[in-house]
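Okay, so here's the structure we're looking at.
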Amino acid sequence: MWTIPNILTCIRVLLIPVFVIVYFLDWKWAHQASAFIFWFAAVTDWLDGYLARKLQQSTPFGAFLDPVADKLIVAAALLMIAHTYQDPWITIPAVLLTAREVFVSSLREWMAGSGKQDIVQVSFIGKAKTMAQMLALIGLLSELEVFMGIPIYWVTLGYILLFISTVLSVWSMAAYLKAAWQYLMVDPKAN
């Protein structure tokens, strides 16, 4: 069970409370430090998946915990930016992204219980959504538009990427639902 990918996933889970606590510290660079922790967690997410495939260390524990860790830290980040910005242009996408995660996770669980998990595998659109969402959250968590007097526009980029990830999120959810629809509409009494 204690493979390198699983250890990285566990580290990501343990980073969630650290990430949240640092964000709310009364410290000048707290939001930037928290954004860095989120970035580090995102890197470990990519790395644990890569190593699991490369080292052939995929385990049922890792297959369960990896998506849970991802959803927990992303949900925390979405709540935190909605709280910080208190702007409908942030809150509405945050709610849509969170709702999509719950919906797709439930759909995948149901399809797996029906032996049809391959129908709702992660798609390219889903991967693009995740990339845009992670970068958006890093920018918005950091609250940096200017660094050492130089405009870097991370928050502006965060807004743009949040909208892109929201569109991709709804699109991928619709694609997963379309792929699963025929199985959802089967009358269990007919079998």
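The values are calculated or read from the model by the stated rules, or taken from the named source; none is laboratory data. Because the structure is predicted, anything quoted here is derived from the model rather than measured. Cβ: placed from backbone, ideal geometry, glycine included. Neighbour counts: every protein chain shown. Ligands, DNA and RNA are stripped out before the accessible areas are found, and what is left, the full protein with its side chains, is counted by its heavy atoms. Shrake-Rupley method; radii C 1.70, N 1.55, O 1.52, S 1.80 Å.
For the reader, a short list of remarks on this structure follows.
- Matching residues in region 7-31 - criterion: being more than 16 Å from the chain's Cα centre (by Cα), surrounded by fewer than 18 Cβ atoms within 10 Å (Cβ to Cβ) and touching a residue at least 60 places away in the same chain (Cβ under 8 Å): none
- In the condition set (1) open to solvent by 60 Å² or more (accessible area, probe 1.4 Å); (2) within 20 Å of PHE19 (Cα to Cα); (3) under 11 Å from the mean Cα position of the chain (by Cα), LEU79 is compliant with all but (3).
- The test for being assigned to a helix (DSSP H, G or I), open to solvent by less than 20 Å² (accessible area, probe 1.4 Å) and either hydrophobic (A, V, I, L, M, F, W, C) or modelled with pLDDT under 85 (or both) holds for LEU141.
- Inter-residue pairs, beta-carbon under 7 Å, first closer than 17 Å to TRP154 by Cβ and in region 36-48, second surrounded by 15 or more Cβ atoms within 10 Å (Cβ to Cβ) and of a type in the set (Gly, Ala, Ser), 6+ apart: PHE38/ALA77
For every residue, the table says whether it meets (1) assigned to a helix (DSSP H, G or I); (2) within 28 Å of MET111 (Cβ to Cβ); (3) in contact (Cβ under 8 Å) with a residue 60 or more places away in the chain; (4) within 18 Å of the chain's Cα centre (by Cα).
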| site | (1), (2), (3), (4) |
| --- | --- |
| MET131 | yes, yes, no, yes |
| MET134 | yes, yes, yes, yes |
| LEU161 | yes, no, no, yes |
| VAL170 | yes, yes, yes, yes |
| MET173 | yes, yes, yes, yes |
| TYR183 | yes, yes, yes, no |
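- Qualifying residue in region 150-167 (condition: of a type in the set (Ser, Thr, Tyr) and farther than 30 Å from TRP29 by Cα): no
- Qualifying residues in region 111-129 (those that are assigned to a helix (DSSP H, G or I) and in contact (Cβ under 8 Å) with a residue 12 or more places away in the chain) - the one nearest to LEU162 (Cα to Cα): LYS129
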